[in-house]
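**Q** One structure coming up, written as structure tokens, with questions to follow.
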Amino acid sequence: MHLIHRLLLIICLAIALAACQQDEANDRQATADSTADPVQTESEQESVTDIVAQLNDIYAAYNQATLELNPVLATFRGIPDYNDRWANTIGNEYRERNRQLQQSFLEQVQAVGAAAHAENLLPEQDRLSYEIFMLDRGNALRGMDFPGYLMPINQFRNPTNFYAQLGSGQNAQPFNNEQDYRNFIARTNGFAAFIEQAIVNMRSGMQQNLVQPRILMERVLPQLEAHMVENIEDSLFYQPLNNLPDSIPEEARQSLMTDYSNMISQVLIPSITRLHHFIENEYLDAARDTAGMTGLPDGDDWYAHLVATTTSTDLSAEQIHQIGLSEVARIHHGMRQVMQQVGFEGDLQDFFEFTASDPQFIFDSREALLNAFLALREPVDAAAEKLFSVRPQADFEIRAVEAYRERSASSGSYQRPAPNGSRPGIFYANTYDLSARPSWTVGALYLHEAVPGHHFQLALQQELQGLPDFRLFGGTTAYTEGWGLYAESLGKEMGVYEDPYQYYGSLAAELWRAIRLVVDTGLHHKGWSRQQVLDYMYANAPVAEARAVSEAERFMAIPSQALAYKIGQLKIQELRSKAQQALGERFDVKAFHSEVLTSGSLPLNILENKIDRWIAAQ
């Protein structure tokens, strides 16, 4: 009898166990069914295939129309067809054409894809393309309601600086044959027309109280003066003539040099000079004393739109301000732990002063600073193998920021490579005022701009196969800059922060992005002055005056852009934590990074939905 009871018990347990296993299997299948594409008949699959083909045709048409409307975009993609043109993007005719283009293509895509998207029939990448395209076109149209075209120039976004880079012979504009040179001569006529339009628009802005802060326009004047040379051979624009290709015949060389020199002396320099005199003699008197968008008509609504577009979230300016304050406090705590590790005696302000001014942290020369970045290439590349299974084929160079823009430029920036492989990516490091570039900033800045930051993300994005061009070359600032800051946070995993001062540098860089949340919203939501921003920076970060001034004026010039970094980083970190908690031992950091990187730059709300689907499918 005892044996029979034992057998019955074993049988009951076996039945119960089998039932539990079946329930778990059913649950897994239900989860998979809820995230996978619906089962389709052959006819339905053909219909979806046809819809996808139609959408891709519309995306291709949009790309072509965009290149024709914005020819400099084609130049940067290595497409030579429009190298002789410069769009008057701030003129009435252009703006109306652009509005019609955005509206027309939004309606076309919606008509073809809305039903399939609503019924969850589109494959994953096509779903993403539809969602991104519709969101971007809507944002573009809403942005046209605000008169940014009446304030087309400031010290951070100065078209003359951009054009000088383009015409230096060291950038996207090719100078390989006679036609290339003549293309730039023709393009310069378009650029001169743009400058004249800028003056017309700025005068209109003066009448409507839509003007830039005075301090920003004072910074523009020396930028323009750098190009107002008496001897054209001293002009940066003359550099391509110093490197004329040997393949150009002698007779053509003489004619070309004459025409090109006349372009500089009779078109470019006079145009830039007119802009300079207009700003100096007319615009400065009308420029405003306020620093933020609260000083502009409809500035609050304008800033709210910029916040939503930049962050691709529904966070308000006030919420972001509070997040910034919280992050500043958290990072300060981490810095105090570093102080204990290195045995520093004093408070946080004392440590800020020490790290900002002690000679051991100051480079002896500009070359020494560049060499510090170069020294990181090999070890960081090796460390990246542990965290990434995908990386771009394109290479990148490290260059110093050019002298004519270094005073107003940020500490570092990245320019993506030419898609056709003709030009590598460029990591620009600012070597102006070495006292403002302490050695402990090098590690985090390299990770952000180069590997595994912007170079990995931006270069890889345009190498992706099978995506429409608007995804290969477009992007969301919060994703792009959020990835750069997330890349900085990988420094401990990659062995870059073994020196406690380099880790402190990463905290200082992160702190700077947290401060940006506070001061950008302070300027443009709460009405802070430029001095209030500087005071907050000095009180909360180890920053030299040159950088504090440059950054404060950058936030004044490009409202909301500074929010992208921290908001994007926090979202990517949140998604990684979510995946780790959901997958446990099955979590693979390489797979997570691939999932984040291999669909290009995504709005944060779309990225979150994508990662949720990926987690559910594991």
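All of the numbers you see were taken from the coordinates with simple rules; none came from a lab. Owing to the predicted nature of the structure, the values given are computational and were not obtained by experimental measurement. Cβ coordinates were reconstructed from backbone atoms using ideal geometry, including for glycine residues, and neighbour counts include every protein chain displayed.
**Q** Just how far, in whole angstrom, is the stretch 440-493 from the stretch 202-256 if you go by their alpha carbon centroids?
**A** 31
**Q** Against the longest principal axis of the chain, how steep is helix 564-583, in degrees 0 to 90 to the nearest 10, with axes from Cα atoms?
**A** 20
**Q** Explain nothing, just the number: relative contact order of the chain, from Cα pairs under 8 Å at least 6 residues apart, as a whole percent.
**A** For the chain, the relative contact order is 16 percent.
**Q** Taking amide H atoms as placed 1.01 Å from N in the peptide plane, list the residues 5 or more away in sequence, or in a different chain, whose amide H sits under 5 Å from that of ALA450.
**A** Answer set, sorted by chain and number: HIS455.
**Q** Using a cut-off of under 18 Å, list every residue of the stretch 307-336 whose amide N is near the label point 7 Å from the Cα of ASP300 along the Cα-to-beta-carbon line.
**A** Taking a point 7 Å out along Cα→Cβ of ASP300, the residues of the stretch 307-336 whose backbone N falls under 18 Å are 307-308, 315-322.
**Q** Right, here's the next one. Mind checking the stretch 488-523 for trypsin sites (Lys or Arg not before Pro) that DSSP puts in a loop (not H, G, I, E or B) and that have at most 16 other Cβ atoms within 10 Å?
**A** Sparse-neighbourhood loop trypsin sites (Lys or Arg not before Pro): LYS492.
**Q** Something else now. At 7 Å along the Cα-to-beta-carbon direction for both ALA539 and GLU68, put a label point, then send me their distance in nm to one decimal.
**A** Between ALA539 and GLU68, the simple spin-label model gives 5.6 nm.
**Q** Rounded, prolate or oblate for the stretch 473-573? Axes are the square roots of the Cα gyration tensor eigenvalues, ordered a ≥ b ≥ c, and the cut-off for rounded is a/c under 1.5.
**A** oblate
**Q** In terms of the Cα gyration tensor, with a ≥ b ≥ c the square roots of its eigenvalues, is the stretch 303-565 rounded because a/c is under 1.5, prolate because a/b exceeds b/c, or oblate? List each step's numbers first, then the result.
**A** On the way: a/c = 1.56, a/b = 1.14, b/c = 1.36.
Oblate, since a/c reaches 1.5 and b/c is not below a/b.
**Q** Restricted to Cα positions, what overall size does the stretch 57-292 have along the principal axes? Three whole-Å values, descending.
**A** That gives 66, 53, 26 Å along the principal axes, largest extent first.
**Q** Let me ask another. Can you give the relative contact order of the stretch 57-292 as a percent, counting alpha carbon pairs under 8 Å and 6+ residues apart?
**A** It rounds to 24 percent for the stretch 57-292.
**Q** Continuing with this model, one more query. Can you sort THR521, THR66, THR89, THR355 from fewest to most other Cβ atoms within 10 Å of each residue's own Cβ?
**A** So the residues, fewest neighbours to most, are THR89, THR66, THR355, THR521.
**Q** Sticking with this structure for a sec: For the stretch 558-588 and the stretch 114-188, what is the separation of their Cα centres, given in Å?
**A** So the two Cα centres are separated by 27 Å.
**Q** Using θ = phi - 60° and the Karplus curve 6.51 cos²θ - 1.76 cosθ + 1.60, what whole-Hz ³J(HN,Hα) does each residue of the stretch 601-618 get, with Gly and Pro shown as x?
**A** Taking θ as phi minus 60°, the curve returns 6, 10, x, 4, 5, 6, 4, 4, 4, 5, 5, 4, 5, 5, 4, 5, 7, 6 Hz for the stretch 601-618.
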